[in-house]
Structures are given as structure tokens and as C-alpha cells.
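**Student:** Handing you a structure now.
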Amino acid sequence: MNATDDLKAGRTLRGDTAPINFSPHAVERFGERFRPGLDLDVVRRELSRMLPTLSVSRELPPGYDYPAKPRTLGYLVGEGAVFPLAGGAPGEWRAVTCLATGSIAEAGAEKKREHRRNYRKARAYEKKARKVERGRARGEPRRKGWSADDAGG
């Protein structure tokens, strides 16, 4: 039985059981969330050194959220970080991103919520500006079609 079959059977494996490659996105996210300020090459080497201490699990640990669960083979877990795994080359897994919990993940979520709020405010302002531009400032009723008075008799 190979590592993929073991994982599908629900066994937890060591991180170095099968070849795992980290996508550039996963390295970048791990660097941002856990090793800010380090060069990405240093972060990639550190991830390679950590691999034997990590475990591979079929289930996403509690406290993490990952919307692409159905397409995920398993999760590389350790040091407060979780790396969702996808299939790579035959017999190889690919860590596609890095998930975090706690204050790090919450800070990212708050930044996203703030961006969304600002975007919505800007869109509402633009909509109001378009109305004013068309001559329908607040309180003016919408015109209801054509009337005989408009004909200019």
C-alpha cells in the first residue's frame, strides 16, 4: 500500500512519508503568517527541514476553514499551520496554500472585511453620484414616462 492509499484509509502519516512539494503560494503564505521578513528561499528551506516533524492527516483539524475541502487529498499539519495537499506528479503531493488560526488568521480576515466595507461604501457613493449627475438628487421623484406637457405643444 502506498502513502496515498494509507491516507485515504484514514491513517495519519509522517510529513516525510511521501514527496511533498510546496507551491510558491504556500511558501509565500507561510512566510507572511509565520516568518515575516524572511526571504522566500529561506522560508522554503525551513519548510523542507520541518517536514519530518509534520504529520499528514485526511481530516482538517478543528479551528481551520478551507472552502476547497472536496478537492483536497489531505492536510500537512504542524506548528499552528495547515497545508492542504493536492495531487502533483505521480506519487507526489503538492501543498497548495498555508492556513493559520488564531490572531494571524483573524488579522487576515479583518483586513478582508475592511476591504469589503470600503468597497461597498465606494460603490454606494458612486451610485449616488450617478443619480445626482442625471438630475435626480435626493427627494426628487423619478419621471414616469411621457406626458402631453412634454410635447411642447
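**Student:** Under the condition of being part of a helix (DSSP H, G or I) and small (G, A, S), which residue from the range 97-128 is modelled with the lowest pLDDT?
**Tutor:** S103
**Student:** Here is a list of conditions, (1) at pLDDT below 75; (2) exposed (fewer than 15 other Cβ atoms within 10 Å of the Cβ); (3) acidic (D, E), and D6 meets all of them except one; can you say which number that is?
**Tutor:** The one condition D6 does not meet is (2).
**Student:** Would it be correct to say that R29 is surrounded by 13 or more Cβ atoms within 10 Å (Cβ to Cβ) and modelled with pLDDT under 90? Outline the logic, then answer.
**Tutor:** Working: surrounded by 13 or more Cβ atoms within 10 Å (Cβ to Cβ): yes; modelled with pLDDT under 90: no.
Spelling it out, it is not the case that R29 is surrounded by 13 or more Cβ atoms within 10 Å (Cβ to Cβ) and modelled with pLDDT under 90.
The values are calculated or read from the model by the stated rules, or taken from the named source; none is laboratory data. Values in this document were obtained by computation on a predicted structure and should not be read as measured data. Cβ coordinates were reconstructed from backbone atoms using ideal geometry, including for glycine residues, and neighbour counts include every protein chain displayed.
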